[in-house]
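Step one of this worksheet: look at the structure below.
Nothing in this text is a laboratory measurement; each read-out follows from the coordinates by a stated rule. The shown structure was predicted, so the numbers you read here are calculated from the model rather than taken from an experiment. Note: ideal-geometry Cβ built from the backbone for every residue, glycine included; neighbour counts use all protein chains shown.
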Amino acid sequence: MTLNSTVTKVSYAGDGAQTVFDVTFKFLDNNHVTAILRDANGAETTWVEGTQYTLTGAGDENGGTLTVDTTPVDYTPQSGETLVIKRSAPETQQTALPLGGAFSSENVEQALDQLTMLVQAHSEEIARAVLLKATSGQSGITIPDPEAAKFIRWDALAQNLENAEITGAGSIGIPVSVAQGGTSATTAAAARTALGLAIGTDVQADLDVPSQAEAEAGTAIDERVWTAERIKQAIAALESGLPRSYLAGFELANNGTDADHDIDIAAGACRDDANSADLVLSSALTKRIDAAWAVGTNQGGLDTGSVVADTWYHVWLIKRSDPGVVDALFSTSATSPTMPTNYDKKRLIGSVLTDSSANIIGFSQVGDMFLWDSPPLDVDVLNPGTTTVLRTMSSPAGRKLEARIIVTWRPQSSGGLASCYVSSPDVDDEVPQSTGARDTAGAAVGSSTSGGIPQFVRTDTTSQVRTRLTDSATNDALRMRTQGWIDPRGKDD
C-alpha cells in the first residue's frame with residue numbers, strides 16, 4: 001500500500017437534509033477520525049462515534065463514509081452549520097518487529113502510513129497557525145498568560161507580546177476623534193464608523209459620545225476616549241435584539257397542494273415569548289399536521305400524538321439556540337407545547353381548527369385578522385329563553401380573543417319588540433336594551449330585526465360569549481355565525 005494523497009480533512013456545509021458524508025481520505029481505524037460540528041455562531045462540538053454518527057471504511061484505500069444518527073435524536077447538520085471530518089492519527093507506535101528473521105512487510109508499510117498520516121495531520125494544523133514570514137529574523141516569541149479585560153500588543157522593542165490595559169498609562173485607548181488631519185467632525189464620524197457604531201442620540205448621551213451638532217460645531221472632543229465599558233454598552237445597545245413582544249410576518253395559509261393537512265408559514269421575525277431571543281424565519285416554511293414533528297419544510301409538525309377531529313391546534317414558532325435553527329410545530333396547548341429535543345425558544349403565531357374528519361378547516365389571514373372561508377353556524381336555536389347563556393364560537397380556545405360574530409335575532413312571536421344582548425363573559429351581565437349597543441368591552445346588541453351586523457366580542461378561554469334576551473317565544477330564532485377573529489399573537493404580552 002502507498003499513501004499518495006495529502007488530503008487529511010474534508011468539510012461539508014449543512015443543509016438540514018444530508019446525513020451521509022464521504023470521508024475522502026484513507027484512515028486505518030475509526031479512532032483515527034474526528035468529526036466536529038461548527039454552529040452558525042462558530043461554536044464547535046466534537047462528535048462521539050455511536051452517539052452522533054457511525055463510520056465505515058477503515059483501511060480502505062478510497063476512504064469511507066460517515067452517517068449521521070437521526071434517531072432518537074436528529075443530529076443532521078442544519079443550514080449555517082459546518083461538519084468537519086479530519087484524520088487524527090494517534091501519536092503512538094504499536095507495531096512490534098521481530099529481532100532477526102522474517103517479518104511482515106504489510107505491518108511495516110502500515111506503520112509507515114500511520115507516521116505519514118501523523119505528519120500530514122500536524123502539517124494541516126500548522127497551516128492554520130499564525131506564522132511569521134519566512135524572511136523574518138524574529139524567533140522565540142511567546143504569548144503571555146490571559147489577563148481579564150486586557151489586550152495583547154507588541155512591546156516597546158517590537159520583540160515580544162505583552163498584555164496592555166485598555167485605558168490609562170500605557171493604554172490602547174481608542175479616541176473618538178483623531179487629530180490627524182481633517183475637521184473634528186470628520187474624524188469623529190470616521191472613528192465611529194470604523195468602530196461599526198451607528199449610534200442614536202439616546203445612546204450618545206448615555207455613553208458620552210459627541211453628537212452630530214457637537215462635531216459640526218467643532219467642539220473639543222479629541223480627548224474623549226472609548227473605555228472598555230463604553231464599548232460593551234454600545235455593543236449591547238446595538239445587539240439587544242428586537243423589542244419585547246415584536247412580531248412581523250408569519251402569516252398562515254392552507255397549503256395549495258394539501259390544504260387539509262399542511263399549513264404554509266410566511267417568512268417573518270419576532271421576539272420569543274420570554275423576551276430572551278429573536279426568532280427569524282428567512283423563507284417560507286410548510287408543516288404537516290398529520291405527521292410527527294421533524295425539522296425542515298414539508299416535514300411533520302405535530303408535537304405529540306396523532307391529529308384528531310374537531311380540535312384547535314396552535315401554531316408555534318420554535319428555535320434551537322445552539323445552531324440557531326428556527327422551525328414550527330402544532331400543539332393542542334396554547335401555553336406550553338411539547339418542545340423537540342434541544343429546542344428552547346418559542347412564540348405562538350396562530351391557530352387552526354380541524355373538522356370532523358381531522359382536516360384543517362379553510363381560512364385566510366391578513367395581519368392579525370383571521371377569517372373563515374365558510375363562516376360556521378355556531379348557534380341555531382328556537383325559543384332561546386331570556387336567561388343568560390354561554391355560547392361557544394368558532395374562535396381559538398385557550399386564549400381570550402375578539403371574535404367577529406354575526407348575530408341574527410328573529411323575534412317573530414313577540415311582536416318585534418324583543419332585543420338580544422351579546423357580551424363578553426368578562427363584563428357585567430346586563431338587561432338588553434332596544435335603544436342601542438352597550439359599548440363596553442366588546443358587548444353587542446342585535447335588534448329586533450332579521451338582519452345581522454358583524455360585531456367584535458371578546459371571548460373567554462373556552463371560546464365562549466354570553467347572550468341574554470328580553471323576550472322569547474316558540475318561533476323566535478337566534479342564529480350566530482363566527483366570521484373570524486383577531487389574534488394579536490402575543491404582541492401585547
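With r as the distance between the Cβ atoms of V381 and L161 and R0 = 60 Å, compute the FRET efficiency 1/(1 + (r/R0)^6) and round to 0.05. Between L161 and V381 the formula returns 0.10. The calculated FRET efficiency for the pair S276 and A96, based on their C-beta separation and a Förster distance of 51 Å, comes to about 0.30.
Annotation: peptides 377-386, 25-34, 39-48, ranked by per-residue average of other Cβ atoms within 10 Å with the highest first, follow the order 25-34, 377-386, 39-48.
Between amide H atoms placed 1.01 Å from N, distances below 5 Å from T311 occur with T354, all of them 5 or more places distant or on a separate chain. For I453, nonlocal amide neighbours, meaning residues 5 or more places apart or on other chains whose placed amide H falls under 5 Å from its own, are V407. Per-residue extension of 0.36 nm, minus the Cα-Cα distance of V366 and D260, leaves a gain of 36.2 nm for this segment.
Residues in the stretch 324-340 carry Karplus couplings, in order, of x, 6, 10, 9, 8, 8, 9, 8, 6, 8, 8, 10, 9, x, 7, 8, x Hz; the curve used is 6.51 cos²θ - 1.76 cosθ + 1.60 with θ = phi - 60°, and Gly or Pro positions show x. For G490, no residue 5 or more places off, or on another chain, has a built amide H under 5 Å of its own. With θ taken as phi - 60° and the Karplus curve 6.51 cos²θ - 1.76 cosθ + 1.60 applied, the whole-hertz 3J(HN,Hα) list for the stretch 355-361 is 9, 5, 9, 6, 9, 6, 6 Hz, x standing for glycine and proline.
Measure up K26/K86; K345/K491; K346/K491; K287/K346; K86/K133; K400/K491 against 22 Å on the Cα-Cα distance and list the ones that go over. The answer is K86/K133.
Note on S321 and W154: their simple-model spin labels are 4.2 nm apart, each label 7 Å out from Cα toward Cβ. Taking Lys and Arg as +1 and Asp and Glu as -1, the other residues whose beta-carbon sits under 9 Å from that of W409 total +1. Mark the label point 7 Å from the Cα of E44 along Cα→Cβ and return the residues of the stretch 1-35 whose backbone N is within less than 17 Å of it. Inside the label zone: 8-14, 32-35.
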